[in-house]
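The next block holds one structure in the form of structure tokens; read it before the comments.
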Amino acid sequence: MIFSNRTSGAPLSIALATVLFFAVIIISDFALRGARIDLTATKQYTLSQGTINILRGLDEPVTLRFFFSEQMANRYPQIRVYGGQVRDLLLEYQNHAQGKLILQIVNPEPFSQDEDRAVALGISAIPTDTGDNLYFGLVGTNAVDGREAIPFFSQDREAFLEYDLTNLIYRLTLIKKPVLGLLSSLPLEFGLGGPMAAMQGQSQPFVIYDQLTSVFEVENINQDTDHISDDVDVLMLVHPAALSEKTLYALDQFVLSGGRVIAFLDPLLELNEVLSNPAQGLPGPGRASDLEPLLKSWGIAYDSSVVAADLSRALRVQASAQSSRPYSDYVVWLGLTNSDVATDDLVTSTISQLNIAGAGYFSPLENATTQFTPLVRTTKNSMTLEADEIANTFNPDDLVTSFQATPESYVIAARISGDVTSAFPDGPPREEEIETEETQDDALPPSSEMALENDAQKTGDDAAPVKHLASSTAPVNLILVADADLFDDRFWVQVQNILGQRIVVPTADNGTFVMNAVENLMGSNDLISLRSRARDDRPLTAIEDLRRQADMKFLAEQELLEKRLSETEARLAALQTAAGASEGSPGGMALTPEEEQEFARFQAQLLDTRAQLRAVQHNLRSDIEGLETRVRFINIAVMPSFVVLFAVALAWMRRRRAPGGGRASPAHSGSGA
């Protein structure tokens, strides 16, 4: 009997397929080592271009020591998985560093030299239930004995892992930190406790200030200065309240000479109430800040008595005691999203959420010589309010019920560039004007220091007079922001203390925005793309819009019902008072039958009004919950079912198009002898 060629070749085909399978595995192990395909929508597992630029720009070797107690972590699945992610990402860093990044993975066993080294380098020891310590941190060193560390990889910062790693490497590459001049009326370096808390050893700097000092050399500048040092690369003004003429002139000349400025102004500083302490004679930094006349010379209009309100971006706050609801929309506290920022600008392109409070707005002046580029703006469901009106309003619902949107949005932050002229066309302010101004402010210094304080022409004791600049020597580069409360930790960050280590978990991108702005003007853009890229917050905007519409309807109906309820309660109280007076008086009479009927009718009306009020609240929740249920059903059941049906239909169509209409073809008989 003779076998067919197909039958005799089957074992050989299987053997060849097996050899080919193992060959592909072996070749792939070497040729495709480190290759990955990131299928996530936000590309969470792909290194940003800024990271790659920093890694490829390393001039000197950087050594990273990753301390991870792998055996101890096996008892804690979440830490074990996260540790693997950190290790894999560090290997990815090493692949892109072109040999300039040395990675050492250390498993510090108990009572070993590696454990002693981990402790000496600042890695936190986490005690376990067995009594042994778990280590999960990173230490980086450079060729000149510089050292940076992440004592413990907290899972709360998993979304910011790439930024933390890249920022550590970036700090190791800096030979000299850039100088950031800081002129502020807020105690950023002390925190809400101010200098008093610092003297008691209880100061906790604002998180943004900590972030700035970790990257830049921050030089605090007196608010009464008459000169900005040439060493300052970028000058940041934070709520500069009541600046003197000589200080304004120093800022004017700094900008005209090519200095770059970031200014955070505010028409209604919420922090003013927190920082003021009348009992101790502390007045606070002041409610409003301005830079007039500098803004006018820069071609900018700004009113320090007006606040921008936005109903679509209002943050939910705990309602006042005057409200019947637990939470209300506060239209002057805004949570701006990525649709409200300039996505094509490096400063704001990665912003997902920016929380601000009582912000003002900017607009360009007519015939301005500068270019006005909006960075952050409100939606068109906005209006302006007087700061005094807001300060005297204690119920957020009152602002909602009286809200009347204008057909325009308001620019909260903007980039200003171009040529400008001096705000002091006649030169520096005269010494007589300065002396008068300081006397009015009760800020007259000792006479021995008066000459140096008032000499706006000199940079030192023996320095030659500085030439007055009437116009800019080059196009200016400024960033203006009409809010200073965004520095307040309460608006954008949660701070935790774990084993004595301060763990910062951002809930908004306020810190990102400030750091991006400073780094952009410093000329370093590589870190900008790393800060918010891992955020994957996708709110259900339809549900949020429905909630706001229902809120408006609810507030209108609630106002009518509460008015009716108050009138009914007043009538009942009047009848009860009349009945009590009649019963207690000599020869007094009880309620007449007609009055008793009216009393019963008012009681029934009271119960009915309360029932209607509860029904309005119930309808508000039921509409939102119904939409959420429908959305969940579509996501969980309808869409997967649609995909399955589509796949079945596609398979059926392919089968119909096959020769024979999908029926099996008759087998060909082989010839045999």
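For the range 458-540, give me every one of the strands (runs of 3 or more DSSP E) that falls completely inside it and has 3 or more residues that are modelled with pLDDT under 90 and aromatic (Phe, Trp, Tyr).
No strands (runs of 3 or more DSSP E) qualify here.
Search the range 91-120 for residues that are at negative phi and modelled with pLDDT of 90 or more and pair each with any residue that is among the small types (Gly, Ala, Ser) and crowded, with 16+ Cβ neighbours inside 10 Å when their beta-carbon atoms are under 7 Å apart and the residues are at least 6 apart or on different chains.
Asn107/Ser69; Pro108/Ser69; Pro108/Ala118; Val119/Ala125
Got a number for residues in the range 137-156 being surrounded by fewer than 17 Cβ atoms within 10 Å (Cβ to Cβ) and either in contact with a Pro (Cβ under 6 Å, 6 or more places away or on another chain) or over 15 Å from Gln104 (Cβ atoms) (or both)?
So the answer is 6.
Which ones in the range 152-179 are touching a residue at least 60 places away in the same chain (Cβ under 8 Å) and closer than 15 Å to Tyr82 by Cα?
Phe152, Phe153, Ser154, Gln155, Asp156, Arg157, Glu158, Ala159, Phe160, Leu161, Glu162, Leu165
In the range 27-46, is there at least one residue being at pLDDT 75 or above and over 29 Å from the mean Cα position of the chain (by Cα)?
Yes, that holds for at least one residue.
Residue check: is Phe424 out of contact with any strand residue (DSSP E or B) (no Cβ under 6 Å at 6 or more places or on another chain), farther than 17 Å from Ala301 by Cα and assigned by TED's automatic domain parsing to the domain that holds Glu245?
It is true that Phe424 is out of contact with any strand residue (DSSP E or B) (no Cβ under 6 Å at 6 or more places or on another chain), farther than 17 Å from Ala301 by Cα and assigned by TED's automatic domain parsing to the domain that holds Glu245.
Residue check, Ala391 against (1) over 17 Å from Leu486 (Cβ atoms); (2) outside the structural domain of Phe491 (by TED's automatic domain parsing); (3) touching a strand residue (DSSP E or B) at 6+ places or on another chain (Cβ under 6 Å), all met but one. Which one?
For Ala391, the failing item is (3).
Each row is one residue, and each column tells you yes or no for (1) part of a loop (DSSP other than H, G, I, E, B); (2) touching a residue at least 12 places away in the same chain (Cβ under 8 Å); (3) under 24 Å from the mean Cα position of the chain (by Cα).
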{"position": "Tyr330", "(1), (2), (3)": "no, yes, yes"}
{"position": "Leu334", "(1), (2), (3)": "no, yes, yes"}
{"position": "Thr343", "(1), (2), (3)": "yes, no, yes"}
{"position": "Leu346", "(1), (2), (3)": "yes, yes, yes"}
{"position": "Leu354", "(1), (2), (3)": "no, yes, yes"}
{"position": "Ala359", "(1), (2), (3)": "yes, yes, yes"}
{"position": "Leu375", "(1), (2), (3)": "no, yes, yes"}
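Assuming Gln371 fulfils every condition listed in (1) crowded, with 16+ Cβ neighbours inside 10 Å; (2) outside any loop (DSSP other than H, G, I, E, B); (3) of a type in the set (S, T, N, Q) apart from one, which condition is it?
With respect to (1) crowded, with 16+ Cβ neighbours inside 10 Å; (2) outside any loop (DSSP other than H, G, I, E, B); (3) of a type in the set (S, T, N, Q), Gln371 is out only on (1).
Would the range 248-260 turn up any residue that is within 19 Å of Met515 (Cα to Cα), at pLDDT 90 or above and not in a helix (DSSP H, G or I)?
Looking through the range 248-260, at least one residue is within 19 Å of Met515 (Cα to Cα), at pLDDT 90 or above and not in a helix (DSSP H, G or I).
The values are calculated or read from the model by the stated rules, or taken from the named source; none is laboratory data. A quick note: this is a predicted structure, and the numbers were derived from the prediction, not measured. As a convention, Cβ positions derive from the backbone with ideal geometry for all residues, glycine included, and neighbour counts pool all protein chains shown.
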